Amino acid sequence: MSVETHEAVHRHPAPTSFIRKYIFSLDHKVIGIQYIILALAAVLVGMTMSVLMRLNLSWPGTSWSILGTLFPTGAPGGIMNPDFYLSLVTMHGTIMVFFVLTTAPQGGFGNYFLPIQIGAEDMAFPVLNMMSFWVTLLGFLVILSAIFVEGNTTIANSALGLWLGGGSGATVGPIGGWTGYAPLSAVGAPAGPGQGAGMNLWIISIAIFCVGSLLGALNFITTLLNMRTRGMTLMRMPLTCWAWFTTAVLALLSFPVLLGAGILLLLDRTVGTSFFVPGGLVFGSSVLTSHTGGSPILWQHLFWFFGHPEVYIAILPGMGATSHILSTFARKPVFGYRAMVFAIFAIGLLGFFVWGHHMFISGMSPYSAMTFSILTLSIGVPSAVKTFNWLGTLWGAKIRFQTPMLFAIGFVSLFVAGGITGLVLGQSSLDLPMHDTYFVLAHFHLVMGVASIFGMFAAIYFWFPKMFGRFLNERLGQLHFWITLVGVYCIFVPMHTMGIVGMPRRYAQFTEYRFLDSLHPLVVFVSIAAIITVLTQLVFYFNLIWSVFKGKRAGANPWEATTLEWITDSPPPHDNFAGVLPVVYRGPYEFAVPGAPNDYLMQTEPDVEGAPVTGVPDNGHNGHKH
Amino acid sequence: MGRALAVIIWILTLGSVSLFFVKKWWFPEAISSHAAALDRQFMLTIIVVGIAFTAAQVGLGYVVWKFRDRGQSDRAVYTHGSNRLEVIWTVVTAIIFIGLAVMGQTVWASLHFNKAPVGSFQVEVVAQQFQWNFHYPGKDAVFGRTDPSMIDDSALNYIGLDSTDPNTKDDVVHSVIAVPAGQPVELLLRSRDVIHNFWVPQLRFKQDLVPGMVIRVHFTANRPGKYELACAELCGQFHFRMKSFMLVLPPEEHQALMALSQDQFQTKVTELLTKYELPAYQQ
């Protein structure tokens, strides 16, 4: 590979105007920060929605006057109606999965650090990179607009609102959950409120998001394969890069399927095709004659063919960051680097063969359920391998407990807590009672939501000094960590038992069923824990803003880490390495090398003649040198 | 700090595990034939999960306690891993996880790989937004013809029964499902509009009703009583109150009920709904 030939393609001069520097920037670092800001905005919206949902579930029928003022149609008199609740379910899920869990880990941190960690000056396609961010932002604005178009009678009945599909006025946004199952999502107004313009905009937003992610994925893959600096062999890359690379491959293969499915769904809704709508549907005594012959299950196959890899898109970067940070603060090489790389591959590959476990009870062939079930439990094996290796990394370590490390250890704990119940849900038999209960909710929130977010918290506390030249406040960081860790356990562990009792998800109220009565104290407990945990995040936001301006100054390598982002200034110059691309001599995690002057050896540290050879594992294979 | 973190992790682990151990909130008592095997498989799985969860968390707590930086002068252990360990834990977890998956097939196969036994009691289920309709074939055990175009909610013809078909004469449609205790039941699941899901917690059974499809499933309910029936697939605005009841009746009582005409049937079901009480749920 020749680095030189690529320089002409991606090199661009440092911008001088404010707009080119901070708004329409081609610099991967600025774009990364833009993605992170987008995710921080989106997660505020998503968290607020979850608090509103908890209020409604714990204290149904209570009048919250502020709600009544803000959403006169969704909460008349301040009492949330079921339509409002369900649109919150839909918007919370969609915003969190797409605009938080997909943007921050990959578009944010991946964008900022992948080029630096492989010793490149920028992404392979800077313009494409800029476009992928702005397209994603457009998607976010479209989904926010869904709330107002669907729920506001004036807008819904305006010419534009009607052209977009009209609105029910009574609700706040689309109703369909983040999975948007057809035919509920496919037939429009006959299916009830929340199926008008809001649903169209929901689909359009996701389609736009798919395009943005695809552009990003192409860029990541090209950059990683072609732009590694001299000496940066694949097996010398930090595990973060492996994670971002695999994530990009998953995104490249799965988002087109969702994009296609979204377009088909939109066609069903707008021009009367019948991909997902069977004939002879009856709503309120009138037969829907506009459709015939479609399959509702086809939507589920297409959606989950994307939806399951999406889970790994959300969490793989967190795994990468965790491995990276564990090793750095353990002052010890990653245990089983090679096994970790293979485990990432195995998870990514198997992730494409297990989508059917979301559909055991959907009416698809029970024989395929058997196949999906066995493949699903197989995916636990590489996940367990990663956990063992994380523990192996900590074994015999000399651990420094700073906030990034606390969150990385929290990630391991939560990944185990959330992932392990996959052993229950992956069995088709056990899915019979468990499907669509709070047990499922608890499982995926812990593993895909909270664990991924802990990976991102670890990442932000770790890389903030590099990005802004200042530390995040350590005391506030620790306060944030302790309350959040305990908080998320208190929120999500009781949800498992709710699911065992049989509590169905996506219920606006639990007041109708006697078998759920006994759960009320747990429901209230969870809500209180959720409110406290969400409020604690304000400490984190304050810390971010405060530290950008007032944080303690950080040098080039404040954590005494080994990878390439730490050889350059904090923050790095426009071209990352001030014109001199680094040359790499060793693997990424050379800590505690016997005989070395420090307890860490930078990747750029050349081998000295006569010095002990490093990077040779004692088990006979060499995981780091080629 | 390391010690504090270890202790917190252990406390969280203890709290989590005890929530499952005390079983204050747990499955309602099962009433179906397949439930015993299913509950056993669940317990087996949850024990494996509990052991793995506890081991991992205790181990995590241990390493952060033990290997914290105490300001000692010696460095961490310099190792890049161990192929032997990798092989061991890969093989061991593969055996346990895939073993569980294979064992978990039994209940599924018993319900879904076999057709309903001959002589099963058949009910056609037609779900519509926020309402259940159960279509009983009557004495002749033959379902009358239905046609979506004949659906007329105002005339209470929710499933589009064709009154000109002689087989419909003794058919009954009701919002409550009544099944005989101890006898296999076959459901023919259909939906009028969107996807719904038939869910009775005591049955340990759940199945989507998909418009455009007829899905046949079977189970046997053994204990007479009245049980709550819920929709478990988001179906729109009032999903949370798409509720009905399942009556499991002693065979004679059930047989007598099935011989009734639509009007008598309705009166009788109302009577039965008061006669039978919901299980005494733990509070």
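The values are calculated or read from the model by the stated rules, or taken from the named source; none is laboratory data. Everything numeric here is computed off the predicted structure, so don't read it as measured data. Because the Cβ atoms are built from the backbone with ideal geometry, glycine has one as well, and the counts that use them run over all protein chains shown.
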Only unsatisfied item for A:L519, checking (1) within 14 Å of chain B (Cβ to nearest Cβ); (2) more than 28 Å from the chain's Cα centre (by Cα); (3) surrounded by fewer than 19 Cβ atoms within 10 Å (Cβ to Cβ), is (3)
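Taking the stretch B:94-121 only, how many residues are closer than 11 Å to A:Q427 by Cβ and assigned to a loop (DSSP other than H, G, I, E, B)? Can you show your working first?
Going through the stretch B:94-121, the residues closer than 11 Å to A:Q427 by Cβ turn out to be B:97, B:100-108.
Going one step further and asking which of them are assigned to a loop (DSSP other than H, G, I, E, B), we end up with B:104.
Residues meeting the conditions: 1.
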A:P333 passes all but one of the listed conditions (1) under 30 Å from B:K66 (Cα atoms); (2) within 7 Å of chain B (Cβ to nearest Cβ); (3) surrounded by fewer than 24 Cβ atoms within 10 Å (Cβ to Cβ); the exception is number (3)
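Inspect the stretch A:39-59 for any residue being of a type in the set (V, I, T) and at pLDDT below 95 and give the result as yes or no. Walk me through it before giving the result.
Keep residues of the stretch A:39-59 that are of a type in the set (V, I, T), which gives A:43, A:45, A:48, A:51.
From the residues that got through so far, the ones that are at pLDDT below 95 too are none.
The answer is no; no qualifying residue exists.
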When restricted to A:G176, A:G180, A:G194, A:G167, the only residue outside any helix (DSSP H, G or I), within 12 Å of chain B (Cβ to nearest Cβ) and touching an Asp or Glu at 6+ places or on another chain (Cβ under 7 Å) is A:G194
Test for B:L203: is it more than 17 Å from A:M359 (Cα to Cα), within 14 Å of chain A (Cβ to nearest Cβ) and either surrounded by fewer than 20 Cβ atoms within 10 Å (Cβ to Cβ) or of a type in the set (K, R) (or both): no
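Only one residue in B:L229, B:L249, B:L234, B:L209 is modelled with pLDDT of 95 or more and in contact with a helix residue (DSSP H, G or I) (Cβ under 7 Å, 6 or more places away or on another chain), so which one is that? Walk me through how you get there before you give the answer.
Details: B:L229 fails: in contact with a helix residue (DSSP H, G or I) (Cβ under 7 Å, 6 or more places away or on another chain); B:L234 fails: in contact with a helix residue (DSSP H, G or I) (Cβ under 7 Å, 6 or more places away or on another chain); B:L209 fails: in contact with a helix residue (DSSP H, G or I) (Cβ under 7 Å, 6 or more places away or on another chain).
Checking each option against the conditions leaves just B:L249.
Based on what the data block shows, is A:S378 among the hydroxyl-bearing types (S, T, Y), within 9 Å of chain B (Cβ to nearest Cβ), under 20 Å from the mean Cα position of the chain (by Cα) and more than 23 Å from A:G502 (Cα to Cα)? Write out each step before concluding.
Values: among the hydroxyl-bearing types (S, T, Y): yes; within 9 Å of chain B (Cβ to nearest Cβ): yes; under 20 Å from the mean Cα position of the chain (by Cα): no; more than 23 Å from A:G502 (Cα to Cα): yes.
Spelling it out, it is not the case that A:S378 is among the hydroxyl-bearing types (S, T, Y), within 9 Å of chain B (Cβ to nearest Cβ), under 20 Å from the mean Cα position of the chain (by Cα) and more than 23 Å from A:G502 (Cα to Cα).
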Filtering the stretch A:274-326 down to residues that are of a type in the set (S, T, N, Q) and either more than 12 Å from chain B (Cβ to nearest Cβ) or part of a helix (DSSP H, G or I) (or both) yields A:S290, A:Q300, A:T322, A:S323
Within the stretch B:22-45, residues surrounded by fewer than 20 Cβ atoms within 10 Å (Cβ to Cβ), in a helix (DSSP H, G or I) and touching a residue at least 12 places away in the same chain (Cβ under 8 Å) come out as B:A37, B:D39, B:L44
Looking across the stretch B:228-269 at residues that are within 14 Å of another protein chain (Cβ to nearest Cβ), closer than 23 Å to B:P184 by Cβ and not aliphatic (A, V, I, L, M), the single one that is surrounded by the most Cβ atoms within 10 Å (Cβ to Cβ) is B:E228
If we scan the stretch B:68-82, do we find a residue that is more than 9 Å from chain A (Cβ to nearest Cβ) and of a type outside the set (G, A, S)?
no
**Request:** Considering every residue within the stretch A:73-89, establish whether at least one is under 28 Å from the mean Cα position of the chain (by Cα), polar (S, T, N, Q) and crowded, with 24+ Cβ neighbours inside 10 Å.
**Result:** yes
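Can you pull out the strands (runs of 3 or more DSSP E) entirely within the stretch B:181-258 that have at least 1 residues that are β-branched (V, I, T) and more than 27 Å from A:G293 (Cβ to Cβ)?
Numbers: elements: B:184-191, B:196-200, B:205-209, B:215-220, B:225-231, B:244-249.
Once the strands (runs of 3 or more DSSP E) in the stretch B:181-258 are filtered for at least 1 residues that are β-branched (V, I, T) and more than 27 Å from A:G293 (Cβ to Cβ), what remains is B:184-191, B:196-200, B:215-220, B:244-249.
Between B:V91, B:V58, which is part of a helix (DSSP H, G or I), free of Cβ contacts under 8 Å to residues at least 24 places away in the same chain and more than 7 Å from chain A (Cβ to nearest Cβ)? Spell out the reasoning first.
Values: B:V58 fails: free of Cβ contacts under 8 Å to residues at least 24 places away in the same chain.
Among B:V91, B:V58, only B:V91 is part of a helix (DSSP H, G or I), free of Cβ contacts under 8 Å to residues at least 24 places away in the same chain and more than 7 Å from chain A (Cβ to nearest Cβ).
Each row is one residue, and each column tells you yes or no for (1) more than 14 Å from A:N389 (Cα to Cα); (2) hydroxyl-bearing (S, T, Y); (3) touching a Leu at 6+ places or on another chain (Cβ under 7 Å).
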site	(1), (2), (3)
B:A52	yes, no, no
B:A56	no, no, no
B:G71	yes, no, no
B:A76	yes, no, no
B:T79	no, yes, no
B:T90	no, yes, no
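For A:V257, indicate whether it is crowded, with 18+ Cβ neighbours inside 10 Å, outside any helix (DSSP H, G or I) and modelled with pLDDT of 95 or more. It would help to see each step written out before you state the result.
Working: crowded, with 18+ Cβ neighbours inside 10 Å: yes; outside any helix (DSSP H, G or I): no; modelled with pLDDT of 95 or more: yes.
Taking the combined requirement at face value, the residue does not satisfy it.
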Among A:V440, A:V447, A:V486, the single one that is in contact with a Leu (Cβ under 9 Å, 6 or more places away or on another chain), farther than 30 Å from B:G236 by Cα and of a type in the set (V, I, T) is A:V486
| said: When you check A:F329 against the structure, is it under 30 Å from A:R400 (Cβ atoms) and part of a helix (DSSP H, G or I), yes or no? | reply: yes
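This table checks each residue for (1) hydroxyl-bearing (S, T, Y); (2) touching a strand residue (DSSP E or B) at 6+ places or on another chain (Cβ under 9 Å).
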position	(1), (2)
A:S185	yes, no
A:G192	no, yes
A:L218	no, no
A:L224	no, no
A:M227	no, no
A:A248	no, no
A:G262	no, no
A:L267	no, no
A:V271	no, no
Over the stretch B:17-35, the set of residues within 19 Å of A:A417 (Cα to Cα) and more than 9 Å from chain A (Cβ to nearest Cβ) is B:V17, B:S18, B:F21, B:V22
